[in-house]
Amino acid sequence: MTRSFDVATAPEHYGNHQLGIYAQGLKGQLPELPLRYEDMEARAREVLPPAAYWYVAGGAGETSMAANRSAFDRYRLLPRMLTDVSQRDLGRTVLGKRQVSPLMIAPLGVQEIIHDQAELGVARAAAAVDVPMILSTVSSFALEDVRKELGTTSGWYQLYWPNDDALATSLVQRAEKAGYEAIVVTLDTKMLAWRERDLDGAYLPFLKGQGLANYTSDPVFCAGLEKPPQDDMRAVVKHWSDVFAAPARTWDDLARLRDATKLPIVLKGVLHPEDAIKAREAGMDGVIVSNHGGRQVEGSIAAIDALAGVVDAVGARMDVLFDSGIRRGADVLKAIALGADAVLIGRPFAWGLACAGQAGVEEVLRRLLADIDLTLALTGNDSLDGLSRVSLAP
Ligand SMILES: Cc1cc2nc3c(=O)[nH]c(=O)nc-3n(C[C@H](O)[C@H](O)[C@H](O)COP(=O)(O)O)c2cc1C
Ligand SMILES: CCCCCCC(=O)C(=O)O
């Protein structure tokens, strides 16, 4: 006899998403989106034009990208038995604010190449699941428009620090005015790396004017143009390529940025413990340990292998976040056990966006939260705050 099952009567846990999927199965319905990360990426590859797929999937060479994943396998969780895990808390405190989970949406530029909804769809999904979103400078919609879609969910603004201080100040102050709660300055992209997949397709979307909405909506940027941006896109791209990068910048320049905003500043792309110490000395509020998903320095250390060193150097005095290679719940637990305060999810949400727009991103986030919740419980823990390096096998 088939018995009916009502997930609504199950206790409130993120892990219940699993029960929801099985309950649909009782009605003969299979999940619309593939469950495994690898299968979701394969589906995205079917629906995206090849150049757009490779822009997201590719790296700078691909050994660091692979190492980001294989390094996770060297850290193993060490479960404990017979602890009470009936009530569980996935919350984390980041920059002094309690979040319902450790997840944040990583800044991913030029999302219009993935789906028409782009950052607006991602922001709506983030709001539905209450996962804070970090918006890229090179986004396809203006930062003010994306912020509105987030509603009460937190947003941070990621700055590609231009060589024009007035433009940097304008972007940062627009973000502050729009309600973003922190500025993330990405340090690892002073220039674009040698990206073989993109070079193979001779593909760089920004050169077609994609991903430039924050520039074309900026008064300081537009003051450097002879005509309104919509009337001369070639001039927009030329001006953008003139101002985008600032290879001469050093730690000393951070003081001016610090003065430009009251918001907390977090530096993204820190891998060396001494750079984390410099960040602290420069008055920064946090760092994100990241190798940009293996997209910048081919041959670099796997990001997860850099995490403990940075945490040991500065973790007691500033927030340490992590990205590059997070795919499953166990990855999140390992990063938190090593000392991360929160983790950024990157490519997985992009594949959800490619396959099903906002709904796809939402589903990716709900699945990851379910996986985190169940893995937390099964390792004998009732809160992420209780994890530490003793949660890992020696
Ligand atoms: C298509 C794509 C675009 C990205 N754009 C940005 C960006 O605009 N700013 C930034 O700081 N990082 C950017 N990143 C890096 C991500 O923020 C994050 O560090 C990376 O995706 C983590 O690796 P993972 O996706 O393999 O987990 C981008 C990554 C991808 C895949
Ligand atoms: C020259 C434009 C660089 C922005 C690249 C966006 C990004 O971070 C990435 O693709 O990775």
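If you filter segment 189-238 down to residues that are part of a loop (DSSP other than H, G, I, E, B) and hydroxyl-bearing (Ser, Thr, Tyr), you find that the one that is nearest to ligand 1 (Cβ to nearest atom) is 189. Selection over segment 344-394 of residues that are among the aliphatic types (A, V, I, L, M), over 14 Å from residue 32 (Cβ atoms) and assigned to a helix (DSSP H, G or I) gives a count of 13. From the residues in segment 195-240 that are in contact with a Ser or Thr (Cβ under 6 Å, 6 or more places away or on another chain) and more than 15 Å from ligand 2 (Cβ to nearest atom), which one is most open to solvent (accessible area, probe 1.4 Å)? Checking each candidate, the answer is 220. So is residue 121 modelled with pLDDT of 95 or more, small (Gly, Ala, Ser) and either assigned to a loop (DSSP other than H, G, I, E, B) or closer than 19 Å to residue 323 by Cα (or both) or not? No: the conditions fail for residue 121. The residues of segment 129-166 that are of a type in the set (A, V, I, L, M), within 14 Å of residue 99 (Cα to Cα) and away from ligand 1 (no atom under 13 Å from the Cβ), listed by number, are 129, 131. The residues of segment 90-115 that are open to solvent by 30 Å² or more (accessible area, probe 1.4 Å), in contact (Cβ under 8 Å) with a residue 24 or more places away in the chain and more than 14 Å from residue 180 (Cα to Cα), listed by number, are 93, 100, 108, 112, 115.
When you look at residue 250, is it away from ligand 2 (no atom under 16 Å from the Cβ), modelled with pLDDT of 95 or more, among the polar types (S, T, N, Q) and in contact with a helix residue (DSSP H, G or I) (Cβ under 6 Å, 6 or more places away or on another chain), yes or no? Working first, answer last.
Values: away from ligand 2 (no atom under 16 Å from the Cβ): yes; modelled with pLDDT of 95 or more: yes; among the polar types (S, T, N, Q): yes; in contact with a helix residue (DSSP H, G or I) (Cβ under 6 Å, 6 or more places away or on another chain): no.
In short, no.
Taking the listed residues 311, 289, the one that is open to solvent by 20 Å² or more (accessible area, probe 1.4 Å) and among the hydrophobic types (A, V, I, L, M, F, W, C) is 311, with no other qualifying.
For segment 241-254, filtered to residues that are assigned to a loop (DSSP other than H, G, I, E, B) and within 16 Å of ligand 1 (Cβ to nearest atom), the residue that is surrounded by the most Cβ atoms within 10 Å (Cβ to Cβ) is 244. Pairs linking a residue in segment 72-84 that is more than 14 Å from residue 378 (Cα to Cα) to a residue that is open to solvent by less than 100 Å² (accessible area, probe 1.4 Å) and among the basic types (Lys, Arg), with Cβ atoms under 7 Å and 6 or more positions apart or on different chains, are 72/334; 75/334. All conditions in (1) more than 21 Å from residue 193 (Cα to Cα); (2) in contact with a strand residue (DSSP E or B) (Cβ under 9 Å, 6 or more places away or on another chain); (3) in contact (Cβ under 8 Å) with a residue 40 or more places away in the chain hold for residue 258, with the sole exception of (3). Each residue in segment 262-284 was checked for being open to solvent by 10 Å² or more (accessible area, probe 1.4 Å) and either away from ligand 1 (no atom under 15 Å from the Cβ) or over 28 Å from residue 179 (Cα atoms) (or both), and 14 of them qualify.
Across segment 116-131, what is the number of residues that are crowded, with 24+ Cβ neighbours inside 10 Å and either away from ligand 2 (no atom under 16 Å from the Cβ) or not assigned by TED's automatic domain parsing to the domain that holds residue 192 (or both)? Final tally of qualifying residues: 5. Can you name every residue in segment 348-394 that is touching a Leu at 6+ places or on another chain (Cβ under 8 Å) and among the charged types (D, E, K, R)? Residues satisfying the conditions are 363, 367, 373, 382, 389. Residue check: residue 171 meets all listed conditions (1) part of a helix (DSSP H, G or I); (2) within 16 Å of ligand 1 (Cβ to nearest atom); (3) surrounded by fewer than 20 Cβ atoms within 10 Å (Cβ to Cβ) but one, namely (3). Taking segment 85-118, which residues are part of a strand (DSSP E or B) and more than 24 Å from residue 44 (Cα to Cα)? Once the filter is applied, which keeps residues that are part of a strand (DSSP E or B) and more than 24 Å from residue 44 (Cα to Cα), segment 85-118 yields 89, 92, 93, 94, 97, 98, 99. Within segment 148-165, if we keep just the residues that are more than 16 Å from ligand 2 (Cβ to nearest atom) and open to solvent by 30 Å² or more (accessible area, probe 1.4 Å), the residue that is nearest to residue 46 (Cα to Cα) turns out to be 149. Do we have residue 137 as in contact with a strand residue (DSSP E or B) (Cβ under 8 Å, 6 or more places away or on another chain) and open to solvent by 10 Å² or more (accessible area, probe 1.4 Å) here? It is false that residue 137 is in contact with a strand residue (DSSP E or B) (Cβ under 8 Å, 6 or more places away or on another chain) and open to solvent by 10 Å² or more (accessible area, probe 1.4 Å).
The values are calculated or read from the model by the stated rules, or taken from the named source; none is laboratory data. From a predicted model like this one, the values you see are computed outputs, not experimental measurements. Note: ideal-geometry Cβ built from the backbone for every residue, glycine included; neighbour counts use all protein chains shown. The area values use the complete protein model at the heavy-atom level, side chains included, leaving out ligands, DNA and RNA. Shrake-Rupley method; radii C 1.70, N 1.55, O 1.52, S 1.80 Å.
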